[in-house]
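I have placed the structure first, in the form of structure tokens, so that the comments after it can refer back to it.
The values are calculated or read from the model by the stated rules, or taken from the named source; none is laboratory data. No experiment lies behind these values; they were computed from the predicted model shown. Reconstructed Cβ throughout: ideal geometry from the backbone, glycine too, with neighbour counts over all protein chains shown. Surface accessibility is based on the protein's heavy atoms, side chains included, excluding ligands, DNA and RNA. Shrake-Rupley method; radii C 1.70, N 1.55, O 1.52, S 1.80 Å.
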Amino acid sequence: MPAELRGAELRAADLRRAFADDVRDYLQRRPRQLPSKYFYDALGSSLFEAICLLPWYRITRAESALLERHAREMLEPLKRPLTLAELGCGSGDKLALLATRASERFQSIQLVDISPAALYAARRRVETLRAGPVVLHPATYEQGLTELARVRREGAMLVLFLGSNLGNFDPGPAREMLTRIRAALQPGDALLLGTDLVKPERELLLAYDDPLQVTAAFNRNLLRRINDELGGTFDLDGFAHRAVWNATESRIEMHLASPRAQQVQVAAAGLVIDFAAGDTIWTESSHKYEATHVVAEGHAAGFGSADQWIDTGARFALTRFSA
Ligand code: AVJ
């Protein structure tokens with residue numbers, strides 16, 4: 001057990017309890033739902049990495065190209081020594097790209113992710129750069145922000161919130177999230193926010209319902225995880241992946257649809273659920289933005305000046321907000 005994760009085994013029981021409580025709560029809502037943060041167990045994080053390689057899912061490539069091209073410009077106005085922090089770092093590839101291009105030594109590199117497996121991989125990736133001490137936080141965004149405020153030293157901190165991870169939040173909670181990030185920062189600090197932009201529906205549907213069905217596997221893996229961790233009895237072939245563009249709400253939704261009546265139990269959540277033919281579980285929203293709207297949201301959350309880098313082909317924006 002790595003030193004940074006001491007106590008992780010103590011937390012495992014709490015995490016399982018929180019997972020069971022959320023599954024019980026969200027599966028009983030109408031429409032039935034599951035929180036998308038639970039996609040990211042070890043297999044889910046790996047399936048997401050595979051999604052990032054799909055030709056139809058352009059977010060990761062577009063963002064990486066912007067980071068690579070404009071790294072120095074993005075870091076230039078920030079005071080040194082600089083602390084780099086990423087919320088939801090996943091593999092750590094994007095932070096590694098930025099740090100490589102910056103070619104400087106950081107005060108520290110703080111990695112926050114809900115998946116311990118992803119964190120270990122990210123540390124291996126980032127430590128090869130010798131760009132500064134790497135600190136791991138196996139935590140939700142909320143817990144991670146508390147940690148970041150606590151480990152904060154002199155100089156400036158740049159928080160990365162990339163990949164359109166913000167898009168999983170509905171508008172109200174998204175603004176709350178930005179406000180929380182702002183509250184964890186000090187004057188001179190900054191947020192680098194990656195957001196996917198609205199684009200033609202057919203492109204969005206291919207990105208979230210790909211011909212190789214990797215996204216379908218990513219979606220259904222959530223049921224596999226419930227079976228394995230919470231004693232669920234989901235028939236994995238009994239639920240179909242659906243991606244829907246909700247134009248009114250400007251979001252892609254992912255659902256799992258039951259084509260027939262079936263009963264499912266989840267022992268650790270004390271649940272017995274009867275699905276009727278056509279019933280669905282709503283597992284994710286990915287909101288798509290207009291670039292100007294992103295800037296307005298940052299300002300509404302209390303941030304100062306904004307600078308933007310946009311990939312007009314893939315329709316993806318990186319926005320740096322000063323705290
Ligand atoms: C990691 C939340 C940004 O919403 O595009 C990818 C997750 N879901 N394919 C996204 C995801 C389906 C992804 N985020």
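Before moving on, here are some points about what is shown:
- Segment 239-269, residues that are more than 23 Å from Ala174 (Cβ to Cβ), assigned to a loop (DSSP other than H, G, I, E, B) and open to solvent by less than 70 Å² (accessible area, probe 1.4 Å): Phe239, Ser258
- Residue count, segment 48-90 (criterion: within 16 Å of the ligand (Cβ to nearest atom), of a type in the set (S, T, N, Q) and buried (at least 21 other Cβ atoms within 10 Å of the Cβ)): 1
- Selection within segment 22-44 - in a helix (DSSP H, G or I) and modelled with pLDDT of 95 or more: Asp22, Val23, Arg24, Asp25, Tyr26, Leu27, Ser36, Lys37, Tyr38, Phe39, Leu43, Gly44
- Output for segment 282-295, where each listed residue is within 16 Å of the ligand (Cβ to nearest atom) and open to solvent by 30 Å² or more (accessible area, probe 1.4 Å): Trp282
- Gly298 meets each of the listed conditions (1) in a helix (DSSP H, G or I); (2) surrounded by fewer than 22 Cβ atoms within 10 Å (Cβ to Cβ) apart from (2).
- When Phe169, Phe106 are checked against the criterion of being modelled with pLDDT of 95 or more and away from the ligand (no atom under 16 Å from the Cβ), a single residue qualifies: Phe106.
- Look at segment 162-184: where a residue is in contact (Cβ under 8 Å) with a residue 40 or more places away in the chain and open to solvent by 60 Å² or more (accessible area, probe 1.4 Å), no partner that is within 12 Å of the ligand (Cβ to nearest atom) and in a helix (DSSP H, G or I) sits 6+ places away or on another chain with Cβ atoms under 7 Å.
- The set of residues from segment 203-230 being more than 13 Å from the ligand (Cβ to nearest atom) and surrounded by 14 or more Cβ atoms within 10 Å (Cβ to Cβ) comprises Leu223, Arg224, Arg225, Ile226, Asn227, Glu229, Leu230.
- Residue match in segment 118-126 (condition: more than 16 Å from the ligand (Cβ to nearest atom) and open to solvent by less than 40 Å² (accessible area, probe 1.4 Å)): yes
- Evaluation of Thr140 against (1) closer than 25 Å to Ser36 by Cβ; (2) among the polar types (S, T, N, Q); (3) more than 16 Å from the ligand (Cβ to nearest atom); (4) open to solvent by 20 Å² or more (accessible area, probe 1.4 Å) (one fails), failing number: (3)
- Tyr120 being of a type in the set (Ser, Thr, Tyr) and closer than 26 Å to Ala174 by Cα: no
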